[in-house]
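S.K.: Below you will find the structure I want to go over with you.
Values in this text are rule-based calculations from the coordinates and carry no lab data. Predicted, not measured: the structure shown is a model, and the values here were computed from it. Note: ideal-geometry Cβ built from the backbone for every residue, glycine included; neighbour counts use all protein chains shown.
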Amino acid sequence: MKQHYLACDTSASQQNTMDAIYSSPVVKSFVAGSVSGMCSTVMFQPLDLVKTRLQNPVQIACGVSPGQSAGMITVISHILRKEHVPGLWRGMTPSITRCVPGVGLYFSCLHALKSRCVPADTEPGALQAVVLGAAARTMSGVCLIPITVIKTRFESGVYHYSGVLQALGTIYRTEGVRGLCCGLVPTLFRDAPFSGLYLMFYSQAKGALPEDWTKGSLQAPANFSCGLAAGVLASVVTQPADVLKTKMQLYPDRFRDLRSVVLYVRQKYGVKGYFRGLVPRMLRRTLMAAMAWTVYEQLTRSMGLK
């Protein structure tokens, strides 16, 4: 009988622990962020793939001469012709592997930081938003840099891995830990400022709108519109870092440090080289971030976090 009571107490304790975990605001933020990341990643993967192909200096059989650069429409036409419609979603598995937990980690880190640094029921100031967004993105970016490397290589068309695990094993055997972390610095230079600037523009834009728009029936379209504006501005500022990150992850033997890739792009393409792939990246990051924040805001409100 005593053993029966002990078993019941243990079961009840475990249940209480699980209930506490599932009711945690940080866990709820992670779940809401992961769901929003899944929706936006699947929808806008083709734009990310086209951006990566545009930034690859080797125009893979796109029908352009060596001295010319393929444009966005040319790359899309080539993919549809050679790889058909499913080819536009090449690299979907590593994208989901990276973006879904990545967005979840970002939002959960952001929620934890905001709860400690910003008074309840208030929005962060402009400088606070930059710091909070950058810090949350840095945390998630460092954790997921190996998947970022694999995602970039899958999308480029240069590497042909059979899967994420096989890619991890191959890179580790041939390039070591350095290969799994290549491009970390420009990745953080891209993602941390993007998230910081995005959160600042987003929160400031929402604060400028009438309260009836942000809390009434127009809440979702208002959030989405603010997200679009914030995404455009943040994308333009951080585009050079995205170009450098892509090249370092595709050609780790050629570019061993940030200085070498900065000089290469400047000498090869001029200043405009730092903005290659801007249009598809701006479309993808802007739409993806706007959708992710809109879905996240709606889910967190339904979960009682707001």
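S.K.: Hey, got a sec? Which trypsin sites (Lys or Arg not before Pro) in the range 200-263 land in a DSSP loop and have at most 16 other Cβ atoms within 10 Å? It would help to have the intermediate numbers written out before the result.
M.R.: Details: sites: Lys206, Lys215, Lys245, Lys247, Arg254, Arg256, Arg259; in loops: Arg254, Arg256.
Within the range 200-263, the qualifying trypsin sites (Lys or Arg not before Pro) (loop, at most 16 other Cβ atoms within 10 Å) are Arg254, Arg256.
S.K.: Continuing with this model, one more query. R0 = 35 Å: FRET efficiency of Leu88 with Leu165, Cβ-based, nearest 0.05?
M.R.: My answer for the efficiency is 0.90.
S.K.: Once every Cα of the range 114-160 carries one equal point scatterer and solvent is ignored, give the base-10 log of I(q)/I(0) from the Debye formula at q = 0.16, 0.29, 0.33 Å⁻¹, two decimals.
M.R.: Results for the range 114-160 at q = 0.16, 0.29, 0.33 Å⁻¹ read -0.60, -0.99, -1.10.
S.K.: Something else: Under the rule a/c < 1.5 gives rounded, and otherwise a/b versus b/c splits prolate from oblate, where does the range 179-306 land using the Cα gyration tensor?
M.R.: prolate
S.K.: Find the all-direction average of the projected area of the Cα convex hull for the chain, expressing the result in square nanometres with one decimal place.
M.R.: Working: hull surface 80.8 nm².
Projected over every direction and averaged, the Cα hull of the chain covers 20.2 nm².
S.K.: In which sequence would Phe107, Phe201, Phe275 go, from the one with the fewest C-beta neighbours within 10 Å to the one with the most?
M.R.: Phe275, Phe201, Phe107
S.K.: Sorted by mean Cβ packing within 10 Å, highest first, what order do the peptides 123-133, 158-168, 277-287, 44-54 take?
M.R.: Descending packing order for the listed peptides: 44-54, 277-287, 123-133, 158-168.
S.K.: Let me ask another. Please report the equivalent ellipsoid semi-axes of the range 208-274, computed as sqrt(5 x eigenvalue) of the Cα gyration tensor, largest first, in whole Å.
M.R.: 40, 12, 7
S.K.: Another question, then. Could you tell me which of the pairs Lys82/Lys268; Lys206/Lys247; Lys82/Lys151 are separated by over 25 angstrom between their Cα atoms in the structure shown?
M.R.: Lys82/Lys268; Lys206/Lys247
S.K.: Which of the aspartates and glutamates could a cross-linker bridge to Lys28, judged by Cα under 20 Å and excluding same-chain residues fewer than eight apart?
M.R.: Reachable aspartates and glutamates: Asp19, Asp121, Glu123, Glu297.
S.K.: Would you mind checking the range 277-306 for residues with the amide N under 16 Å from a putative spin-label position 7 Å along Cα→C-beta of Val27?
M.R.: 303-305
S.K.: Here's another thing I want to ask about it. Between Ser260 and Cys117, 0.36 nm times their residue separation minus their Cα-Cα distance comes to what? Before the final figure, lay out each step's value.
M.R.: Values: separation 143, 0.36 × 143 = 51.48 nm, distance 3.86 nm.
Residue separation times 0.36 nm, minus the Cα-Cα distance, leaves 47.6 nm.
S.K.: Based on DSSP H runs of at least 4 residues, each adding -39500 (n - 2.57), what is the mean residue ellipticity at 222 nm of the chain after dividing by all its residues, to the nearest 500 deg cm²/dmol? All intermediate terms of the calculation are to be shown ahead of the outcome.
M.R.: Numbers: 12 runs with 235 residues, N = 306.
Using -39500 (n - 2.57) per qualifying helix, the result is -26500 deg cm²/dmol.
S.K.: Using each residue's phi in the range 234-240, evaluate 6.51 cos²θ - 1.76 cosθ + 1.60 at θ = phi - 60° and report the 3J(HN,Hα) Karplus result to the nearest Hz, with x for Gly and Pro.
M.R.: Listing the rounded values in order: 5, 5, 4, 5, 9, 4, x Hz.
S.K.: For each of Ile76, Ile171, count neighbouring Cβ atoms within 10 Å of the residue's Cβ, then give the residues from fewest to most.
M.R.: Ile76, Ile171
S.K.: Right, here's the next one. Under 8 Å for C-alpha pairs, at least 6 residues apart: give me the relative contact order for the range 26-302, rounded to a whole percent.
M.R.: The normalised contact order for the range 26-302 reaches 27 percent.
S.K.: In whole Hz, what ³J(HN,Hα) sequence does the range 287-297 give by Karplus (6.51, -1.76, 1.60; θ = phi - 60°), x for Gly and Pro?
M.R.: Working through the residues one at a time gives 5, 5, 5, 4, 5, 4, 5, 5, 5, 4, 4 Hz.
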